[in-house]
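Engineer: Dropping a structure here in structure tokens format, bear with me for questions.
What follows is calculated from the coordinates using simple rules that are stated; it is not laboratory data. Bear in mind that the values here come from a model prediction, so they are computed numbers and not experimental data. Here the Cβ positions follow ideal geometry from the backbone for every residue, glycine too, while neighbour counts run over all protein chains shown.
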Amino acid sequence: MGAGPINRYRVNRNLLSHQGGASSKSSSGRLASSVPLPCQRMVLDNGLVVLVVENPVADIVAARMFLRSGSLREVPEQAGLTHLLAAVLTKGTVQRSARAIAESVESVGASLSVDATTDYFALNLKTVSADFANILALAAELLRSPTFPEAEVELERRLTLQAILSQQEQPMAVAGEQLRQLMYQNHPYALPSLGTIATVSQLQQTDLLDYHQTYFRPDNLVISIAGRVTLAEVTTLVNQVFGDWQPPDIALPPLQLPEVISQPQQRLTIQQTQQAIVMLGYLAPSAWSADHAALKVLSTYLGSGLSSRLFIELREKRGLAYDVSAFYPTRFDTSYFVVYMGTAAENTQIALDSLESEIDHLRQAPLAAEVLAVAKSKLLGQYALGKQTNAQIAQILGWYEILGLGITYDLQFQANVAAVTAETAYEAACHYFKASYQSLVGPPVINTILASA
């Protein structure tokens with residue numbers, strides 16, 4: 001599509017993890033040093049929150065425009081609605097066609113994309129500072145007056161249905177979806193991000209318009225900006241394009257989430273595949289919990305990189321795994337802690353036992369001091385590497401604002417990690433890692449293997 005194309009859309013299905021601060025100069029907008037740049041926060045009269053980080057090192061400005069929506073606000077009958085809206089948002093406004101929108105972005109080498117995630121919806125942009133005003137105005141137009149043309153809705157619906165069918169053939173995707181459904185039951189976190197064949201087939205243009213009218217409003221919006229701009233410049237620009245946008249008289253729908261009840265169980269899906277996927281899940285706390293940092297450290301220790309415990313013990317030493325890791329996403333509501341392995345079908349029961357054994361290992365005794373120190377150092381290093389560019393800085397600060405943790409949580413999280421002790425990590429493991437949910441996907445022989453165990 002040419003230099004700096006507008007992305008068709010980007011749906012972030014990855015489990016959100018912390019991103020963090022760091023350090024080097026480049027044309028992509030990297031910082032010049034590891035010293036954190038101050039973030040300034042203001043609230044417009046219409047309730048819109050603006051975060052600004054002034055970074056004059058590179059001539060790049062990045063912005064993340066977060067709405068408190070995402071699939072967390074979907075109902076089961078409309079699963080996939082946020083994803084479809086993300087796909088169609090850039091396909092036309094009251095003022096411009098999809099082609100005109102794309103040309104406006106491409107002509108200045110900027111980038112514009114949309115994220116539809118579990119906990120938020122975001123419009124992302126990046127451009128040189130000279131073009132920031134125009135691209136910001138375009139972003140405001142997309143947020144305020146999209147038309148969701150019926151032909152585009154139909155096209156994106158067909159593409160989404162194809163993507164759903166494709167995912168149903170991928171053992172890892174099937175295992176992950178199955179695990180979430182087991183763990184979350186009637187909670188929105190159980191909903192598939194793409195939706196289902198049944199729900200997506202029924203979505204209409206009117207559904208997108210209703211969702212837009214409900215959640216796209218200034219008092220539900222956070223704009224996080226980092227780059228070669230000043231607070232005064234941003235204040236002027238944001239007021240020009242958003243200042244006259246008034247929130248409706250109707251309040252936002254209250255977010256009423258069901259309690260997630262622990263009911264560990266196992267589910268097996270048979271597929272015609274050569275390997276087996278074994279996933280163990282444990283309910284874990286949201287980002288607000290005092291145990292959040294300790295579980296992040298344990299996740300890093302178990303599954304982060306080639307030096308992680310699971311990789312060394314189960315892949316390198318025992319040769320069990322094609323793929324093995326752990327993750328613990330940062331979530332607004334109840335999260336989950338997962339360990340998983342891809343292995344040969346005949347190793348399914350051994351893989352299951354081995355993963356459970358590694359989790360039990362954390363509950364038997366505190367980690368050795370040097371092992372804990374390495375895990376904490378690795379986590380903080382990864383956190384720093386995830387906050388090198390203006391786009392990454394805008395992302396993490398806006399995400400913390402959406403969570404309600406505030407812009408100071410960037411430093412607070414690092415302090416929390418540093419304060420994790422072997423005892424606090426051990427206590428967290430003992431509290432959360434009890435009976436596991438188990439999601440298994442593989443060929444028919446797995447039935448025989450499990451039955452004979």
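Engineer: Extension gain residue 312-residue 213, at 0.36 nm per residue separation less the Cα-Cα distance, in nm? Each step should come with its number before you reach the end.
Structural biologist: Numbers: separation 99, 0.36 × 99 = 35.64 nm, distance 5.09 nm.
Extra length from residue 312 to residue 213 when fully extended: 30.6 nm.
Engineer: In the chain, if the dipole is taken from +1 on Lys/Arg beta carbons and -1 on Asp/Glu beta carbons about the Cα centre, which of 453, 321, 223 is farthest to the positive end?
Structural biologist: After comparing all options, I get 321.
Engineer: OK, next. Work out how much length residue 445 to residue 95 would gain on full extension: take 0.36 nm times their residue separation and subtract the Cα-Cα distance, in nm to one decimal.
Structural biologist: Between residue 445 and residue 95, full extension yields an extra 120.2 nm.
Engineer: On a straight-distance basis, which lysines could pair with residue 126 in a cross-link, Cα separation under 23 angstrom, same-chain partners fewer than 8 positions away excluded?
Structural biologist: Counting by Cα, and skipping residues close in sequence, residue 126 has these lysines nearby: 25, 91, 387.
Engineer: Here's something else I'd like to know. May I ask for the angle, rounded to the nearest 10°, between helix 205-215 and the longest principal axis of the chain, with both axes built from Cα atoms and the value confined to 0 to 90°?
Structural biologist: 90 degrees
Engineer: Something else now. Could you give me the ³J(HN,Hα) list for the range 381-398, computed from phi with Karplus coefficients 6.51, -1.76, 1.60 and θ = phi - 60°, whole Hz, x at Gly and Pro?
Structural biologist: Using θ = phi - 60°, the values come out as x, 5, 4, 5, 5, x, 9, 8, 9, 4, 4, 5, 5, 4, 5, 5, 5, x Hz.
Engineer: Efficiency by 1/(1 + (r/R0)^6): what FRET value for residue 452 and residue 365, r their Cβ-Cβ distance, R0 = 30 Å, to the nearest 0.05? Intermediate results must be reported in sequence, preceding the final value.
Structural biologist: Numbers: r = 33 Å, r/R0 = 1.09.
Result of the calculation: an efficiency of 0.40.
Engineer: Further question: Please give me the summed charge of the neighbours of residue 371: other residues whose Cβ is under 15 Å from its Cβ, Lys and Arg +1, Asp and Glu -1. Show your work: numbers first, answer last.
Structural biologist: On the way: positive: 309, 376, 378; negative: 313, 358, 370, 423.
With Lys, Arg at +1 and Asp, Glu at -1, the neighbours total -1.
Engineer: Now, a different point. Between residue 262 and residue 353, what FRET efficiency follows from the Cβ-Cβ distance if R0 is 30 Å, with the result rounded to 0.05? Can you show the working numbers first?
Structural biologist: Details: r = 22 Å, r/R0 = 0.72.
Efficiency, rounded to the nearest 0.05: 0.85.
Engineer: Ignoring solvent entirely, what values of log10 I(q)/I(0) come out of the Debye formula for the range 149-228 at 0.11, 0.23 Å⁻¹ when each Cα is a single scatterer?
Structural biologist: -0.45, -1.08
Engineer: A further question on this structure: Got a sec to turn the phi values of the range 78-90 into Karplus ³J(HN,Hα) couplings, 6.51 cos²θ - 1.76 cosθ + 1.60 with θ = phi - 60°, whole Hz, x for Gly and Pro?
Structural biologist: Here the 3J(HN,Hα) series is 10, 4, x, 4, 5, 4, 5, 4, 4, 5, 9, 4, 8 Hz.
Engineer: With viscosity set to 0.692 mPa s and temperature to 37 °C, compute the Stokes-Einstein D of the range 39-242, Rh being the Kirkwood radius across alpha carbon pairs; µm²/s, no decimals.
Structural biologist: Numbers: Rh = 18.0 Å.
Answer from the Stokes-Einstein relation: 182 µm²/s.
Engineer: So, one more: Net charge near residue 38, counting Lys/Arg +1 and Asp/Glu -1 over other residues with Cβ under 13 Å of its Cβ?
Structural biologist: Details: positive: 41; negative: 54, 410.
Net charge around residue 38: -1.
Engineer: Also, I was wondering about something else. Antiparallel versus total DSSP beta bridges in the chain: what percent is that, nearest 5? Can you show the working numbers first?
Structural biologist: Working: 48 of 60 bridges.
Here the share of antiparallel DSSP bridges comes out near 80 percent.
Engineer: In sequence order, what are the phi-derived ³J(HN,Hα) couplings for the range 93-105 according to the Karplus relation 6.51 cos²θ - 1.76 cosθ + 1.60 with θ = phi - 60°, rounded to whole Hz, with x for glycine and proline?
Structural biologist: Rounded to whole hertz, the list is 10, 4, 9, 9, 7, 4, 5, 5, 5, 4, 5, 4, 7.
Engineer: In the range 375-426, what chymotrypsin sites (Phe, Trp or Tyr not before Pro) fall in a loop by DSSP, with at most 11 other Cβ atoms inside 10 Å? Display every interim value, and only then the final one.
Structural biologist: Working: sites: 383, 399, 400, 409, 413, 426; in loops: none.
Hits after loop and neighbour filter: nothing returned.
Engineer: Using the alpha-carbon atoms, what tilt in degrees (0 to 90, nearest 10) does helix 292-303 show relative to the longest principal axis of the chain?
Structural biologist: 60 degrees
Engineer: Can you find, among 277, 117, 167, the residue sitting farthest towards the positive end of the charge dipole of the chain, where Lys and Arg contribute +1 and Asp and Glu -1 at Cβ?
Structural biologist: It is 277.
Engineer: Tell me which of 245, 258, 55 sits at the most positive position along the dipole axis of the chain, charges placed on C-beta atoms (Lys, Arg +1; Asp, Glu -1).
Structural biologist: Among 245, 258, 55, the one farthest towards the positive end of the dipole of the chain is 55.
Engineer: Report, in degrees rounded to the nearest 10, the 0 to 90 angle that the Cα long axis of helix 150-167 makes with the longest principal axis of the chain.
Structural biologist: Helix 150-167 sits at roughly 20 degrees to that axis.
Engineer: If you don't mind, there's one more thing I want to ask. Roughly speaking, what is the stretch gain from residue 421 to residue 289, that is 0.36 nm per residue apart minus the C-alpha to C-alpha distance, in nm to one decimal? All intermediate terms of the calculation are to be shown ahead of the outcome.
Structural biologist: Working: separation 132, 0.36 × 132 = 47.52 nm, distance 1.60 nm.
My answer for the length gained is 45.9 nm.
Engineer: Students often get this wrong, so try it: which of (i) 38, 27, 19; (ii) 35, 24, 21; (iii) 41, 22, 21 is semi-axes √(5λ) of the Cα gyration tensor in Å as calculated from the structure shown?
Structural biologist: Correct label, based on the coordinates given: (i).
Engineer: Determine the calculated [θ] at 222 nm for the chain from helices alone, applying -39500 (n - 2.57) to every DSSP H run no shorter than 4 residues and normalising by the residue count; nearest 500 deg cm²/dmol. Before the final figure, lay out each step's value.
Structural biologist: Values: 15 runs with 180 residues, N = 453.
When only DSSP H runs of four or more count, the value is -12500 deg cm²/dmol.
Engineer: Dipole magnitude of the chain about its Cα centre, charges +1 at Lys/Arg Cβ and -1 at Asp/Glu Cβ only, in debye to the nearest 20?
Structural biologist: Dipole size: approximately 700 debye.
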